[in-house]
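Visitor: Please see the structure below; I have some questions.
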Amino acid sequence: MSTSNTAQPVQWHVRQAVQPAPEKRAWSVQAVQQLLDKPFLDLLFQAQSVHRAHWPEGDIELATLLSVKTGGCPENCGYCPQSVEFDTGVKAEKLMSVEEVTHAALAAKNAGATRFCMGAAWRAPKDRDIEKMNALIGAVKGLGLQTCATLGMLEPHQARSLREAGLDYYNHNLDTAPEYYQDVVSTREYQDRLDTLQAVRAAGISVCCGGIIGMGEETVHRAGLIAQLANLNPHPESVPINSLVRVPGTPLADAEPVDPLDFVRVIAVARITMPTARVRLSAGRQQLGDAVQALCFMAGANSIFYGDKLLVTGNPDVEADTALLRKLGLNDYKQPVC
Ligand code: SF4
């Protein structure tokens, strides 16, 4: 599949969950941990059974992420190369123009993406930043893509403004369990995250919220993260699960690598506890390899970040993803809808 801007766009079905959410139940950390501790194949079977009851077979959402304002962030998230506190070689850049973002979004659409997420490295945007973001959101929405943004902490009036501009999803991750949070970031509180999620939900924007595995946390913290996400009412529509990318210069550069099968377990438990969420394989996906990614899809992952930079013809990441989806017979690759 070509990724050039002149190529005929391929339009994938944008599907919602086929079954309504089951009756909401509260998940204790202990109950989630019991799931995480199940024999691997039993867990996979249960997750796949839940997945098939709620989602069409072989359907993977393709979302593209673009950093529209990179670096210079005053927060100190221990995994992030964009913090000003860490010497990672990332240079601060100003907000991209409407033209640049439109160009990238069109390329993403032509490559098959249905959702376009714009990330800006702010602690909390100012109102004038929100106005600029609104222009970007309007431009992306005008291309027929679902819009998503991740901009840091929001006030309720800012969330409403973004919604009026056409924002469909807001990403704001909880990262880990409340008990482990201060080991990862000390410039904000867990409650700050929950407050922003509340403002987003109240504005009528769908919630994209997940976490990161492999930051030195214990299994109980993984269970604590999933319990927090699953107990949001309603649970997030999108749940990105990241495998830590250990960036030199960040405090977590030397974290113990996560066992790939433990990562698959977290995906499976996210699927079981949040049946109608899009569970997304996010950062660190490439380092998992094809076989582990296939297990993640078996465990109920049904969304990937796809081409996580400006897309140009021949982008090798996009081609590798396309080849993997084709190999696994996912996303109607036998019969694309053109
Ligand atoms: S708030 Fe976002 S951009 Fe800033 S350091 Fe944390 S993860 Fe990085």
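Visitor: Does A202 satisfy being open to solvent by 10 Å² or more (accessible area, probe 1.4 Å), more than 19 Å from the chain's Cα centre (by Cα) and within 16 Å of the ligand (Cβ to nearest atom)? Spell out the reasoning first.
Guide: Working: open to solvent by 10 Å² or more (accessible area, probe 1.4 Å): yes; more than 19 Å from the chain's Cα centre (by Cα): yes; within 16 Å of the ligand (Cβ to nearest atom): no.
Spelling it out, it is not the case that A202 is open to solvent by 10 Å² or more (accessible area, probe 1.4 Å), more than 19 Å from the chain's Cα centre (by Cα) and within 16 Å of the ligand (Cβ to nearest atom).
Visitor: Let me ask something else about it. Of the residues that sit in region 166-176 and are free of Cβ contacts under 8 Å to residues at least 60 places away in the same chain and surrounded by 18 or more Cβ atoms within 10 Å (Cβ to Cβ), which one is farthest from G210 (Cα to Cα)?
Guide: L167
Visitor: Sticking with this structure for a sec: Tell me which strands (runs of 3 or more DSSP E) are completely within region 231-338 and hold 2 or more residues being at pLDDT 90 or above, or say none if there are none.
Guide: Where strands (runs of 3 or more DSSP E) fall fully within region 231-338 and carry at least 2 residues being at pLDDT 90 or above, they are 238-243, 278-281.
Visitor: Any residue at all in region 19-35 that's more than 21 Å from the chain's Cα centre (by Cα), acidic (D, E) and at pLDDT below 90?
Guide: Among the residues of region 19-35, at least one is more than 21 Å from the chain's Cα centre (by Cα), acidic (D, E) and at pLDDT below 90, which makes the answer yes.
Visitor: Shifting gears a bit: Pick from region 70-99 the residues that are in contact (Cβ under 8 Å) with a residue 12 or more places away in the chain and among the charged types (D, E, K, R): which of them is most open to solvent (accessible area, probe 1.4 Å)?
Guide: Of region 70-99, the ones in contact (Cβ under 8 Å) with a residue 12 or more places away in the chain are 70-84, 86-96, 98.
Remaining after also requiring among the charged types (D, E, K, R): 75, 87, 91, 93-94.
Values: E75: 9, D87: 137, K91: 155, E93: 108, K94: 171 Å².
Of everything passing the filter in region 70-99, K94 is most open to solvent (accessible area, probe 1.4 Å).
Visitor: Name every residue in region 108-143 that is away from the ligand (no atom under 16 Å from the Cβ), crowded, with 24+ Cβ neighbours inside 10 Å and under 17 Å from I304 (Cβ atoms), in order of residue number.
Guide: Once the filter is applied, which keeps residues that are away from the ligand (no atom under 16 Å from the Cβ), crowded, with 24+ Cβ neighbours inside 10 Å and under 17 Å from I304 (Cβ atoms), region 108-143 yields A108, A111, A113, R115, F116.
Visitor: Okay, moving on. If you go through region 63-80, how many residues are away from the ligand (no atom under 12 Å from the Cβ) and out of contact with any helix residue (DSSP H, G or I) (no Cβ under 8 Å at 6 or more places or on another chain)?
Guide: So the count comes out to 2.
Visitor: Could I ask something else about it? Quick check, is W55 of a type in the set (F, W, Y), more than 30 Å from A253 (Cα to Cα) and either in contact with a Lys or Arg (Cβ under 8 Å, 6 or more places away or on another chain) or within 16 Å of the ligand (Cβ to nearest atom) (or both)?
Guide: The answer is yes for W55.
The values are calculated or read from the model by the stated rules, or taken from the named source; none is laboratory data. These numbers were taken from a predicted model, which means no experiment stands behind them. Heads up, the Cβs are rebuilt from the backbone with ideal geometry, glycines too, and the neighbour counts pull from every protein chain shown. Remember, those area values only see protein heavy atoms, side chains included, never the ligands or the DNA or RNA. Shrake-Rupley method; radii C 1.70, N 1.55, O 1.52, S 1.80 Å.
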